[in-house]
1. Using a cut-off of 14 Å between beta-carbons, work out the net charge of the residues near Ser28 (Lys and Arg +1, Asp and Glu -1, Ser28 not included).
2. Between Ser10 and Arg81, what length in nm is gained on full extension when 0.36 nm per residue of separation is reduced by their alpha carbon distance?
3. Once the piece of chain linking Met388 and Thr184 is laid out straight, how much longer is it, given 0.36 nm per residue of separation minus the C-alpha distance between them?
4. Run the simple label-point estimate for Phe204 and Ile280 please: 7 Å along Cα→C-beta, distance reported in nm.
5. Could you work out the mean projected area of the convex hull around the alpha carbons of region 168-299, in square nanometres to one decimal?
6. Above 19 angstrom, tally the Cα pairs of region 223-312 and express them as a % of all pairs, no decimals.
Amino acid sequence: MSIISLQAFSDILYRYQNLIIISGLIISFSGGSWDITYHILSQPESFFSYPHTLVYTGIFIVISTFFINLRKNISNKNPHRKANILILLGTILILSAGPFDFSWHLKFGLDGLLSPPHVTLLTGWMLVGSGNLWITNNLIDSILLQNKKSNRKSADEGDTNYRDLDNLSTLDHSNSLLDKNEQTILKIQLILNLSFILVILSGFIYFFSLPFSETQFYNYNPNPLVALLVYGFGFPFLLSSFFINILKNYPGFKEVILLVGSFYIIIMLLTQIISNPFLIGLSWYYILNIIPFAIIYLLDKKQSRKTFTEINLPPLSSSGNLKNKTKKCTHPKIYIFYALILAIFSFTICFPLNTYILNEELYGYLVYQNLVFKVYAQLFADYFIIIMSMSIVGGLLGYGLVTTGGIVGPSKHIVIQMHHYLSELRHRDR
């Protein structure tokens with residue numbers, strides 16, 4: 001009886017393991033972001049601090065969930081084997097980061113933000129999150145391709161919307177890979193995955209720009225000018241490229257940009273604003289950073305579905321025009337406007353951590369916690385042109401990378417070409 005129950009439990013974990021894993025990752029990262037606030041406030045630091053408890057609770061969820069079904073996950077018969085191997089590598093790094101961090105604290109006591117154990121942990125998080133997102137995207141693509149096949153459209157009339165999640169609700173459920181509830185879970189899983197990748201990428205930028213890595217034993221603080229450049233160009237670049245990439249990859253699920261943006265703001269609000277007694281009064285102002293994501297969502301929703309989301313496959317005889325036709329349908333000029341909105345608002349989205357980065361290079365004096373907002377406002381007033389210029393350049397660079405196919409082009413063309421190949425096979429059979 002107990003064996004049967006254990007097997008049933010294992011099967012349930014395997015069925016929902018990607019959702020559970022991404023939830024554990026978010027819990028773990030939230031603890032890490034909270035730990036930055038602990039460092040800022042000079043709270044008593046040890047391996048067994050409250051933020052570390054949250055970090056390792058999330059890690060336990062991730063590792064236990066994945067390893068219970070390890071044999072299934074890395075089996076040659078598993079269609080997601082490559083992605084699961086990426087997750088496995090990430091969990092190994094995460095596992096090694098724990099004792100590494102413990103020994104680091106024993107030797108140095110208070111550690112800095114940028115330290116070998118922390119870099120190991122962040123890299124492990126990134127690998128697990130990337131593998132999880134890989135699996136999520138594969139599931140979405142499989143469902144949509146199955147839906148296209150079941151519709152039995154002719155090759156001349158065929159079209160496909162890349163990761164158009166609205167189409168998930170139109171599936172022939174008698175042959176569907178997932179039922180309606182599981183499709184809803186898949187959408188939630190996608191939102192959490194994208195949100196986690198965003199916070200991890202922002203974490204890497206903060207690691208190499210924040211001046212919180214000097215202790216009595218070592219100084220890993222980046223050069224102030226380098227930190228200014230990493231932050232000044234890095235965040236606008238990240239926000240514009242990441243969210244334009246989302247709009248291009250998931251055109252039928254327009255809410256994703258609003259949901260992912262809001263999730264990011266809420267995580268930062270909880271771990272950087274509310275957890276800091278000197279900044280908690282600014283909570284309602286910080287949450288207004290959801291506005292730029294809402295603006296982009298509303299504007300994008302109004303755009304013609306035909307212009308922005310449909311990729312009309314050419315006749316089989318003119319397959320050479322496939323690349324040009326895809327490019328024409330997926331490079332709307334309004335993306336430049338979206339990139340600029342995100343780039344300009346990056347200065348408020350990155351509060352309060354950007355205050356320490358900018359102050360280190362531009363003013364160079366110690367920032368007391370009760371003066372953080374005053375310094376932030378003064379930085380904006382004194383260096384408005386520099387801050388906005390860097391933001392605009394970074395945002396446009398992010399836009400340029402995405403719209404030239406540097407991020408989404410390869411994966412998009414694979415799906416289109418697969419659909420074209422299936423259509424060609426049906427044409428030959430006739």
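FYI, it's all coordinate maths here, none of it is from the lab. Since the model is a prediction, treat every value here as computed from it, not as a measurement. Cβ coordinates were reconstructed from backbone atoms using ideal geometry, including for glycine residues, and neighbour counts include every protein chain displayed.
1. Working: positive: none; negative: Asp35, Asp101.
Net of charged neighbours comes to -2.
2. Details: separation 71, 0.36 × 71 = 25.56 nm, distance 1.82 nm.
Gain in length upon complete extension: 23.7 nm.
3. Details: separation 204, 0.36 × 204 = 73.44 nm, distance 3.96 nm.
Extra length from Met388 to Thr184 when fully extended: 69.5 nm.
4. Those two pseudo-labels are separated by 3.5 nm.
5. Working: hull surface 45.1 nm².
For the Cα atoms of region 168-299, the hull's average projected area reads 11.3 nm².
6. Numbers: 2165 of 4005 pairs.
Distances greater than 19 Å cover 54 percent of the Cα pairs.
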